[in-house]
Amino acid sequence: MIEIRIHGRGGQGNVVAAYLLASAAFHDGKYCQAFPAFGAERRGAPVAAFVRINEQRIFRRNQVREPHYMVVQDATLLHNRSLTGGLRPPGYMLVNSTRPAQEFSDEFGVWAVTIPATRLATEIVGRNVPNVALLSALITLNGMMPVTALEKALADRFSGSILDKNVKLVERASAEVEPGLWTEEVRHAASA
């Protein structure tokens with residue numbers, strides 16, 4: 001089972017990101033769960049969302065405490081050093097940032113990859129919502145499913161020009177990262 005924790009702020013689409021990723025997994029023939037954890041329910045407040053993806057039925061119902069992957073939609077949240085707590089070694093962390101990934105790798109002792117998701121979303125979709133770009137990058141990095149599964153999940157939620165822009169964002173974000181860079185972790189988790 002692959003477990004993913006998504007961190008961001010209210011209004012960035014954290015919960016939608018979790019549901020989109022689970023829907024993409026479903027379209028790829030996998031079992032999945034997605035659920036949020038809220039503190040203060042207000043725009044800008046820290047929000048976490050969780051996703052589980054497996055080839056078999058999932059019976060766990062607790063929060064994801066030891067994720068394989070962590071997605072950080074707002075790098076300012078990383079001032080809290082405990083945010084990476086529980087991340088399974090070697091610690092795969094995808095960060096929405098223009099800073100070099102090596103800075104995050106060195107600071108947190110994880111394998112970090114950065115992508116300018118906010119910039120891409122603003123340029124292509126016209127909104128400051130980095131979730132779709134980050135999901136596309138994550139799927140491309142770990143190879144757990146094709147990006148076409150994410151496009152199908154988007155088609156369940158959107159239509160017309162909004163869907164077209166989001167599909168373009170998926171393609172552009174996927175091109176920003178090295179395909180399969182984190183694939184070995186998916187194989188290892190599936191065999192464990």
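In a GNM of the chain with a 10 Å cut-off on Cα contacts, which of T114, T122, T84 has the highest mean-square fluctuation?
Residue with maximal mean-square fluctuation among T114, T122, T84: T122.
Using +1 on the beta carbon of Lys and Arg, -1 on that of Asp and Glu, and nothing else charged, what's the dipole of the chain about the Cα centre, debye to 20?
Rounded to the nearest 20 debye, it is 620 debye.
What are the equivalent ellipsoid semi-axes of the chain, built from the alpha-carbon gyration tensor (square roots of five times its eigenvalues), in whole angstrom, biggest first?
21, 20, 17
Nearest 500 deg cm²/dmol is fine: what mean residue ellipticity at 222 nm does the chain get from its DSSP H runs of n ≥ 4 alone, each adding -39,500 (n - 2.57), divided by its residue count?
One gets -12500 deg cm²/dmol as the mean residue ellipticity at 222 nm.
Work out how much length L77 to E103 would gain on full extension: take 0.36 nm times their residue separation and subtract the Cα-Cα distance, in nm to one decimal.
So the extension gain works out to 7.9 nm.
Would you mind telling me which residue in Q102, Q12, Q56 has the biggest mean-square fluctuation in a Gaussian network model of the chain, where springs connect alpha carbons within a distance under 10 angstrom?
Sorting by GNM fluctuation, first place goes to Q56.
Rank L83, L94, L20 by mean-square fluctuation in a GNM of the chain with C-alpha springs under 10 angstrom and give only the top-ranked residue.
Largest GNM mean-square fluctuation: L83.
For V95, what residues show an amide H to amide H distance below 5 Å, using hydrogens built from the backbone and excluding near sequence neighbours?
It is V72, V113, T114, I115, by chain and number.
Using label points projected 7 Å from each Cα along Cα→Cβ, tell me how many nm separate I162 and R88, to one decimal.
3.5
Sequence gap at least 6, Cα distance under 8 Å: using those rules, report the relative contact order of the chain to the nearest whole percent.
Value for the chain: 21 percent.
Read the figures in this text as sums done on the coordinates, not as results from a lab. Bear in mind the structure is a predicted one, so any value in this text is a computation, not a measurement. Positions of Cβ are backbone-derived with ideal geometry, glycine not excepted, and every protein chain shown enters the neighbour counts.
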